[in-house]
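J.: The structure that follows is given in the form of structure tokens.
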Amino acid sequence: VQLVETGGGLAQPGGSLRLSCVNSGDSYNFRYMAWFRQAPGKEREFVAAKSRSQTYYRDSVKGRFTISRASAQDSVYLSMENLKPEDTALYFCAAGNTITSQIRLTSGYTSWGQGTQVTVSS
């Protein structure tokens, strides 16, 4: 499994970005795929996760971010709208077969991408 993120960059407050994460290795059909982020000096935090039937978000991104998965691949996307400076972070894609009660924990995921930087600034 090799997760590769793309799509980060610089956006103005109120702007939009779309992140992509594709598994370039052997397909595994993970139960959950997720996005986490880590700002400088802070711990990695949960952003959103999606199974085939359920979707979860951290409260601060609800209504602004949308997570989606490709139907036949270990791929996941994050559409981000109305970006705020506090969204600035290194965004990581993650995949695993964790249980629902642990989807917000980094320990629930076995595969990680290298991260893509999102900077929101005017």
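The values are calculated or read from the model by the stated rules, or taken from the named source; none is laboratory data. In this text the structure is predicted, and so the values were computed from the model without any measurement. When we count neighbours, we look across all protein chains shown, and the Cβ atoms used for this are built from the backbone with ideal geometry, even at glycine. Each accessible area value is taken on the protein alone, full model and side chains, heavy atoms only, with ligands, DNA and RNA left out. Shrake-Rupley method; radii C 1.70, N 1.55, O 1.52, S 1.80 Å.
J.: Full-extension gain between T55 and S68, please, as 0.36 nm times their residue separation minus the C-alpha to C-alpha distance.
T.: My answer for the length gained is 3.8 nm.
J.: Something else now. Provide the net charge surrounding L19, with neighbours chosen by a C-beta distance below 14 Å and charges set as Lys +1, Arg +1, Asp -1, Glu -1.
T.: +2
J.: Please give the net charge around D87, taking every other residue with its beta carbon less than 9 angstrom from that of D87, where Lys and Arg add +1 and Asp and Glu add -1.
T.: For residues surrounding D87, the net value is +2.
J.: When only DSSP loop residues count, what GluC sites (Glu not before Pro) in the range 24-122 have their Cβ near at most 12 other Cβ atoms within 10 Å?
T.: Values: sites: E43, E45, E81, E86; in loops: E43, E81.
Within the range 24-122, the qualifying GluC sites (Glu not before Pro) (loop, at most 12 other Cβ atoms within 10 Å) are E43.
J.: A further question follows. With every protein chain left in place, what is the accessible area per residue of the chain in square angstrom, probe 1.4 Å?
T.: 51 Å²
J.: Moving on to the next point. By a straight-distance test (C-alpha under 18 Å), which aspartates and glutamates pair with K62 as possible cross-link partners, with residues fewer than eight away in the same chain excluded?
T.: Leaving aside aspartates and glutamates fewer than 8 places away in the same chain, those within reach of K62 are E45, E81, E86, D87.
J.: Do you know the relative contact order of the chain, to the nearest whole percent, from alpha carbon pairs under 8 angstrom that are 6+ apart?
T.: In percent, rounded to a whole number, it is 36.
J.: Under a 1.4 angstrom probe, counting protein chains only, how are L105, L83, L90, L10 ranked by accessible area, largest first?
T.: L10, L105, L90, L83
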